[in-house]
Amino acid sequence: MNVLNLFYRTRESRRMLENSRARLYRVAYSWCHNAALADDVVQETLMKAYRSLSQLRDPKAGQAWLFSILTNCYNDHFRRNREAENVDDTVLVEETTPESQTSQLQIIDRVRKAVGALPEGQRQAITLVDLEGFSYIEVAQILGIPIGTVMSRLCRARNALREKLLEEFKKQPELREAVLRRVK
Amino acid sequence: MKDQSFLSDEMLNAFVDNQLSTEEKEQVFAAIAQDAQLNQRVCELRSIHDLARLAYLDLPSAPGQDRVAGGLAGKRVRNAGLAACLVLCLGLVIGWLINPEVRSIGSIMAAQHPTGHTLIQAANLQNKSKVTKVLFHLNSGSPAMAREALDEVENVLKYYAHEGRKARVELITNGGGINLLRKETSPYPGRIRKMQKEYPNLKFVTCQNSIDRLKRDHGVVAHLLPGTVVIDSGVAQIMRRQQEGWAYIEV
C-alpha cells in the first residue's frame, strides 16, 4: 500500500511540475524582463525540482517550494555574473521590443518599466503577491526573508509604482460605453 | 472620529491582499468607510495590484521556446483586448481621482469582504433615496466560490427587497468565473434561473474575452445559460461600472 501511495504521490508531483512552467516563467520574466534568461532559469528550476522531488513530502506545499527553487536559481545566475553587473543597480528595461513598437501596448510597457525600475527585493515581493497570489507567509518562505521585510518591501514597491504610474494615467483619454448583448 | 493610527501603509496593503483576519478587516473597513482619503488610498493600491497583474498576462516567448508546455509556446501578445483593459483601468483611476460623486460612494467600492453583512452596513451609509448599484465580481472557477458569490448576491437582494429600497445588482464573471454561467459547467443552473425570475433587478454578466480565451487555449466553445449578458471585457465593465458609481465587491 505504501509503495502504491508513494507512486501516486510521485506522479502527482510530476504533474504539478509540468503544470507550473507557465507560472514560473511569468514570475521569472517579471523579475528579469528577458525572455531567454527567464526560460533558462525556469528550465533549471524544473530540472532541480525534478531531481529533488523525493524531498517534497507534502505536494500541497509544492508551489512555495518550487518558487523558492526558482529564487535560488535566479540568484545563482546573477551570482555567477557578479563581476559583470550588480542586480540592485540594474534598471531592467527593454529598449526595443515588439511591444514597444505597438502603440497599443504603451501602457503595458509603462507598467513593466516601472516594475523593472524597482529594486530587486521589492520587485520579487510584489510580483509573487500580485501575479501569483502567494500569501505573505509563503513569500517570506520563498525569498527566505522575515514576513515584516516582505510587508515593507511590498509597501515601498506599491508606493513607488503609485507615484510613477498614477500620475501618468491622469493624461489618458476618456472611456467609451460598451455594447451589451443578451443571450436568448 | 475613531483613532486610525493603527492603519499603517503595510496594514492597508495587507487589506488589499486579503492577508488580514476577519476582525482586522472589519476594523479597516470601518475606518475607510469614514475617511475618504483612506478610501482613495485603498483604491489606488488595488489599482496598482490590478495593473501589475495585467501587465504580465501575456508574455513574449523565449527564442526557440518549443519545449514550453501549457500554452506559452507560440502564444502571441493579445494586444488589442488587453491594452483596452488597461486603458479602461487607467480611466477608472483618473475618473475616481477627479469625480467627487464617485469618491463619496467609494466607501463601499473599497470593501472586499467575504460576508454580505458588512456590505449591508456600508449600504446604510448611502443616501436612502438613491438606487443602490452593486457589482459583484467572480473570477474563480471553484464551485465553493461560485456558491459564495450567489449567497452574497442573494443576501443583498433580499435585504433591499425587505427594506423596500431600489437596488440594481450585477454579478460579473471572467476567467474561471465564467464556468458558473456555462451550461456545461455551471454547478447551480437551477438556482440561477430561480434568482433571475425572482429578481428582475439582477443581471448575470460574462466576459467575451474569457470566452474567446477558452476557445483559443482549450478549444472549448462556451454555451451560456439563458439570460446571461455578454460584455466585451469583464475588466473593462468593472471599470465602467465603478466610474458610474457602482459599489464593487470582489468575491
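Since every read-out is calculated from the coordinates, none of them should be taken as a lab result. These figures come from a predicted structure and were not determined experimentally. Neighbour counts run over all protein chains shown; Cβ positions are idealised from the backbone, glycine included.
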| Label point distance in nm, B:GLU184-B:GLN37, each placed 7 Å from Cα along Cα→Cβ | 5.3
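Within the set B:LYS130/B:LYS197; B:LYS166/B:LYS194; A:LYS113/B:LYS215, which residue pairs have Cα atoms separated by over 28 Å?
Those over the limit are A:LYS113/B:LYS215.
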| Rounded FRET efficiency, nearest 0.05, which uses the C-beta distance separating A:ALA61 from B:ASP9 and R0 of 41 Å | 0.85
| field | Contour minus Cα-Cα distance for B:ASP212 and B:GLU23 (0.36 nm per residue) | value | 64.0 nm
| For the range B:146-228, how big is the tail of P(r) above 19 Å, as a whole percent of Cα pairs? | 38
| task | Run the quick spin-label model on B:ARG165 and A:ARG14: label points 7 Å from Cα toward the beta carbon, then report their separation in nm to one decimal. | result | 5.9
| Calculated FRET efficiency, B:MET145 and A:ASN159, Cβ-Cβ r, R0 35 Å, to nearest 0.05? | 0.70
| query | With labels modelled as points extended 7 Å from the Cα through the Cβ direction, what inter-label distance (nm, one decimal) is found for A:ALA22 paired with B:LYS197? | reply | 3.9
